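Engineer: One structure is given below, represented as structure tokens, and several questions about it will come after.
The values are calculated or read from the model by the stated rules, or taken from the named source; none is laboratory data. Small disclaimer: the values here were computed from a predicted structure and weren't measured. Heads up, the Cβs are rebuilt from the backbone with ideal geometry, glycines too, and the neighbour counts pull from every protein chain shown. The protein model used for the area step is the full one, side chains on, heavy atoms only, and it has no ligands, DNA or RNA in it. Shrake-Rupley method; radii C 1.70, N 1.55, O 1.52, S 1.80 Å.
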Amino acid sequence: MTRILYMLCLSVLSAAFASCSKNEFKLEFDLDSSVSGNYRIVYYASDKRTGFMMETIAPVEKGKCETRCITRNPTLVYVFMSGSQMPSAVIYAERGDKIRISGKDRNPALWSIGGNGLNEEWSRWRNDNARAIMSGDAAVINAAVAAYVKAHPDSELSALMMLTDFDRRADENRFAALWNSLGENARTEKTAGLAGRGDRPDAAKASLAQKAGRIRLHAIGDSLVELDPGMFAATLMYFMRNEDASVAVDMDTLRSLSRLDEEGKNGRISVISFETDSLAWLSRIRADSNMLNALHAWMPFGEASETAMGLGVTRTPFFIVADRKGRQVYRGDDGKRASVEFRRLMRKAGTASEKPGD
């Protein structure tokens, strides 16, 4: 399904950007001949009127591959190894760029990436900190990012690394301190926008005040469904991945909440999967088939999707609870607090079907 979505978006963008044949950049792989594999490429393609999240595969064979990507505006390109949920490298690209990628290892963290000065500096940092990056330890990676930021407070790259490589969830206070230490030339609106609205440091404050409007989500059978908080007294959105540590407890909480309104007249619970594989998403649905009147949906681009960025969802697990006017009464990763707010809105609506012990 992801491949179909990509081809559809590619055809739309090709038509939309046809007025200028140079609205593209190239990824030119020139790796060691021992390197072969399919690398997932995700980026946001846009012009001044429209934009789409794009996903494609770079099929590297014996170290060689050339991939054309369409965009007019500058973008960040996320490179994933096969089976990985997290990008191994991030590339800055502008239209007309020829991004040359070289190296002897199959791991993108060890590649040398050119095309512009920002990429060259970024790949040098990754090479120098490859052990930290490949450890997967958020504290170790954050320390490596912090060391660079402290040494280069006026660099645009420092801001981009904060918004992509730094695990903000693991150390929110350190993130805020480092971000505030950046010079004005580093933390510009343009730089923050490249990483998506959901990753901006002011997103948490802005998002709680903003209203949750109607969104469209992928459902079973490749169909699109609309979620409209205005139709219910209480709406709970749960963004998740199967490997989230709290998923079993969170699902038990949602099953309990689903019994508050068995007919689904006043409350709407939506379980929104960020799995990249549709089979992994469907397996989760089967495991939770006894959840009453829940909407099971799929967002294959995860935090990089336009919908997630618009809602300020930067991680999983994540809950949003909204009232009938779309006001967000809770947003965060605490399932108990989300449950309390959802129950409060249901009581306010006069729902009487809550069972003892729920």
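Engineer: Would you mention how many residues in segment 62-84 are surrounded by 12 or more Cβ atoms within 10 Å (Cβ to Cβ) and closer than 20 Å to residue 278 by Cβ?
Structural biologist: Here the count works out to 4.
Engineer: Of all residues in segment 278-301, which are small (Gly, Ala, Ser) and surrounded by fewer than 21 Cβ atoms within 10 Å (Cβ to Cβ)?
Structural biologist: Looking only at segment 278-301, we keep the residues that are small (Gly, Ala, Ser), and these are 278, 280, 283, 287, 289, 294, 297.
Result: 278, 280, 283, 287, 289.
Yes or no, residue by residue, for (1) over 19 Å from residue 314 (Cα atoms); (2) in contact with a Cys (Cβ under 9 Å, 6 or more places away or on another chain):
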| position | (1), (2) |
| --- | --- |
| 26 | yes, yes |
| 33 | yes, no |
| 36 | yes, no |
| 40 | yes, no |
| 58 | yes, yes |
| 67 | yes, no |
| 72 | yes, yes |
| 80 | no, no |
| 90 | no, no |
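Engineer: With (1) within 24 Å of residue 334 (Cβ to Cβ); (2) in contact with a helix residue (DSSP H, G or I) (Cβ under 6 Å, 6 or more places away or on another chain) as the list, and residue 245 as the residue in question, which single condition is left unmet?
Structural biologist: All conditions are met except number (2).
Engineer: Please specify each residue of segment 234-250 satisfying the condition of being free of Cβ contacts under 8 Å to residues at least 60 places away in the same chain and more than 19 Å from residue 293 (Cα to Cα). First the steps, then the outcome.
Structural biologist: So in segment 234-250, the residues free of Cβ contacts under 8 Å to residues at least 60 places away in the same chain come out as 242, 245, 248.
Correct list: 242, 245.
Engineer: Return the pair list, or none, for Cβ contacts closer than 6 Å from residues in segment 302-315 that are at positive phi to residues that are crowded, with 22+ Cβ neighbours inside 10 Å and assigned to a loop (DSSP other than H, G, I, E, B), at least 6 apart or on different chains.
Structural biologist: Note: pairs meeting the criteria are 302/274.
Engineer: Then there's this: Just to be sure I understand, how many residues within segment 308-328 are closer than 10 Å to residue 235 by Cα and either open to solvent by less than 30 Å² (accessible area, probe 1.4 Å) or of a type outside the set (D, E, K, R) (or both)?
Structural biologist: Within segment 308-328, residues that are closer than 10 Å to residue 235 by Cα and either open to solvent by less than 30 Å² (accessible area, probe 1.4 Å) or of a type outside the set (D, E, K, R) (or both) number 6.
Engineer: Among the residues of segment 304-314, is there at least one that is out of contact with any Leu (no Cβ under 9 Å at 6 or more places or on another chain), assigned to a helix (DSSP H, G or I) and not hydrophobic (A, V, I, L, M, F, W, C)?
Structural biologist: Yes: segment 304-314 contains one or more residues that are out of contact with any Leu (no Cβ under 9 Å at 6 or more places or on another chain), assigned to a helix (DSSP H, G or I) and not hydrophobic (A, V, I, L, M, F, W, C).
Engineer: Out of the residues in segment 252-278 meeting the condition of being under 23 Å from the mean Cα position of the chain (by Cα) and of a type in the set (S, T, N, Q), tell me which one is nearest to residue 349 (Cα to Cα).
Structural biologist: Filtering segment 252-278 for residues that are under 23 Å from the mean Cα position of the chain (by Cα) and of a type in the set (S, T, N, Q), the one nearest to residue 349 (Cα to Cα) comes out as 270.
Engineer: Still on this structure, please answer the following. Identify all residues within segment 22-78 that are at pLDDT 90 or above and among the small types (Gly, Ala, Ser); write none if there are none.
Structural biologist: Across segment 22-78, the qualifying residues are 33, 34, 36, 37, 58, 63.
Engineer: Next question, about the same structure. Among all residue pairs at least 6 apart or on different chains, which show Cβ distances below 8 Å where the first residue, located in segment 158-171, is touching a residue at least 12 places away in the same chain (Cβ under 8 Å) and the second is polar (S, T, N, Q) and open to solvent by less than 10 Å² (accessible area, probe 1.4 Å)?
Structural biologist: 159/191; 160/191; 163/191; 166/142; 167/142; 170/142; 171/142
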